[in-house]
Amino acid sequence: MKVQVNNKEVEMSPDSTLTQLTAQLELPVQGIAIAVNNKMIPRTEWERFILRENDNLVIIKAACGG
């Protein structure tokens, strides 16, 4: 199954969760937020949130500075 992550195509196993995606992409455990199809998904739901074919994800990483 294919999803879009920050405008890049990523191949995932069917019925993958957001937690599995973060592991596959080797994302940091803290300091990120994820929106799926323009809806922010709370970290508490990542384990249960099932990705679907052609979902559009935006991953935002926290940055220090001003």
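Annotations
- Selection from Cys64, Phe49, Asn7, by position along the positive dipole direction of the chain (Cβ): Cys64
- Atom-type composition of the exposed protein surface of segment 1-40 places 48 percent of the accessible area on carbon and sulfur (1.4 angstrom probe).
- Estimated D of the chain in µm² per second, where Rh is the Kirkwood radius over Cα pairs and Stokes-Einstein applies at 10 °C, 1.306 mPa s: 131
- Taking label positions 7 Å along the Cα-Cβ direction at both Ile50 and Thr19, the computed distance is 1.6 nm, reported to one decimal.
- Normalised per residue, the accessible area of the chain is 69 Å², obtained with a 1.4 Å probe and no contribution from ligands, DNA or RNA.
- DSSP-assigned coil residues among GluC sites (Glu not before Pro) in the chain, each with at most 12 further Cβ atoms within 10 Å: Glu26, Glu47, Glu53
- Unit charges on C-beta of K, R, D, E only; dipole of the chain, Debye: 220
- Here the spin labels are modelled as points 7 Å beyond Cα on the Cα-Cβ line, and at Met1 and Ile60 they lie 2.5 nm apart.
- Helical mean residue ellipticity (222 nm; -39500 (n - 2.57) per DSSP H run of 4+; nearest 500) of the chain: -2500 deg cm²/dmol
The values are calculated or read from the model by the stated rules, or taken from the named source; none is laboratory data. Keep in mind it's a predicted model, so treat the numbers as computed, not measured. Cβ: placed from backbone, ideal geometry, glycine included. Neighbour counts: every protein chain shown. Accessible surface is based on the protein model in full, side chains and every heavy atom, while ligands, DNA and RNA are left aside. Shrake-Rupley method; radii C 1.70, N 1.55, O 1.52, S 1.80 Å.
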